[in-house]
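Encoded as C-alpha cells, the structure appears first; notes follow it.
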Amino acid sequence: MSFPNVTDIVATTIQNRSKAIADNVTFNNALSARLSQRGNVKTFSGGNTIMRELSFAQNGNGGWYSGYDLLPVAAQDVISAAEFSIKQLACPIIMSGLEQLQNAGREQMIDLLEGRITVAESTMANLLAGGIYADGTGAGGKELTGLNAAVPLNNVAGTYGGIDRAAWVFWQSKLTKQSDLSTPAPFSPSNFGEVLNSSWAKLVRGSDRPDLIVLDNVLWKIYLASLQAQQRFTQAETGKLGFPSIKYMDADVVLDGGIGGFCPASTGFMLNTKYIFLMPHSARNMVPLSPNRRYAINQDAEVQILAWAGNLAMSGSQFQGRIANIA
C-alpha cells in the first residue's frame, strides 16, 4: 500500500528545510556568500520589478561660503533607481507510484525524499551559481541578470538595470585588459601585479574600494605564480565560508574555477560588494511552489516543486571592475 500523502510530506519537508536550503545555496558561490556575510541578501515582498535606489550626482547646493552669504536651496534631483526584472527558478521532486509502493514505510519514504531534496538543492545551487555570472539572456531571457550584464566586456554601452551606460557615465563599470598595461602583452606572472594595480586604481574612491576579487582557473594560476615566493593563505571570513583566499591589498582573491566553476575563461571580477545585492522574493526563497497535492495527468506519479524567484541587483556599477586577458 502506497503512503497516502507523499506530496504533503515533500512540501512539508522542503518547508521545514527552506532556510537551510537557501543558506546552502547562498554559500555555494563566493560572491553570494560574501553578500550574505555583509547582509546584502535582501528579500523583497512584491512589485513588478526589483528596485535598487542609487545616488547619481552630488548635491549642487553644496559649497563654500562666508559670513552672510546667501546659501542656495534649489531643488536637487540626485536620487534614482536601477530596475531589475524578477527571474524564476524551479526544480521538481518526483515520486512514482511504484516508488511509493516500494518505500511504503514512513521512514523509508522520508529517507528517499531527503535524498531527492538534497539533489534538488544542489541542482538549484549550481544553477544559481552559474546565474551569478550570466548576462540575463540565457534560457530565453529567463536567467539571472548576473555579472556578465553588470560588469560586461563592453562597459560603455548597453542598458543595465534600465539605465543607459552610454548616456550616464556614472553607470559604467571599469575594464582592464592587455592594452592597459605599460607594455601591452598577454597576462603573465611578471605583469599580473600591474594588471591588479591598474584595475584597483580605477575603482577606489576614498575608503570605498573592492573587497572581493574572483578569478577563473587561468588568471588564478597566473596570480599564484606571481606570488609564489611570498604566498600566504589568509584566515579571512571568506576562507571560513569554505573559499580559501589570498589577499590583494585588503580584498580577498578567490578562485571560482576548478571543477564546475562558472567564472568566464581568462576573466576576473574586482568587486565592491557594498553595492551588490542578491534579492530573493520573501515568499519564494527555496520553498515548495505549492503545498497542494500535484499529480501527473498521464502518469502514476506525484510531484512537488522547489522554487526560487529574484535577481542579482546593483546600485553602484562604477565601483565594479572586470579583468579580461584580451587585447
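All of the numbers you see were taken from the coordinates with simple rules; none came from a lab. This one's a predicted model, so the numbers in the text were calculated from it and none came from an experiment. Ideal geometry is used to build each Cβ from the backbone, glycine not excepted, and the neighbour counts take in all protein chains shown.
As an exercise, use a Förster radius of 25 Å and the Cβ-Cβ distance of Gln299 and Gln102 to find the FRET efficiency, rounded to the nearest 0.05. E(calc), rounded to 0.05, equals 0.95. Phi angles of segment 259-273 translate, via the Karplus equation with coefficients 6.51, -1.76, 1.60 and θ = phi - 60°, into HN-Hα couplings of 7, x, x, 10, 4, x, 4, 6, 9, x, 10, 9, 10, 9, 6 Hz per residue; Gly and Pro are given as x. Potential lengthening of the chain between Ala139 and Asn126 amounts to 3.2 nm, from the contour at 0.36 nm per residue minus the alpha-carbon distance. Placing unit charges on the Cβ atoms only, positive for Lys and Arg and negative for Asp and Glu, gives the chain a dipole magnitude near 320 debye about its Cα centre. Extension gain for the segment Phe170 to Ser85, taken as residue separation times 0.36 nm less the Cα-Cα distance, is 28.5 nm to one decimal. Here's how it looks for Ala134: its modeled amide H is under 5 Å from those of Gly146, Leu147, Asn148, which are all 5 or more places away or on a different chain. Amide H to amide H, with H built 1.01 Å from N, Ile50 comes under 5 Å of Phe84, Ser85, Ile86, counting only residues 5 or more places away or on other chains. Considering the options Ala139, Gly162, Ser282, tell which one lies farthest towards the positive end of the dipole of the chain, charges being +1 on Lys and Arg and -1 on Asp and Glu at the Cβ, about the Cα centre. Among Ala139, Gly162, Ser282, the one farthest towards the positive end of the dipole of the chain is Gly162. Summing +1 for each Lys or Arg and -1 for each Asp or Glu among the other residues whose beta-carbon sits under 15 angstrom from that of Phe269 gives +2. If I model the chain as equal point scatterers sitting on the Cα atoms and use the Debye formula, what is log10 I(q)/I(0) at q = 0.07, 0.08, 0.10, 0.16 Å⁻¹? Ignoring solvent entirely, the Cα scatterers give -0.37, -0.47, -0.68, -1.28.
At full extension, Asn154 and Arg38 could sit 38.9 nm farther apart than now, given 0.36 nm per residue minus the alpha carbon distance. Under a 5 Å amide H cut-off, with hydrogens placed 1.01 Å from N, Lys247 pairs with Thr234, Val253 among residues at least 5 apart or on other chains.
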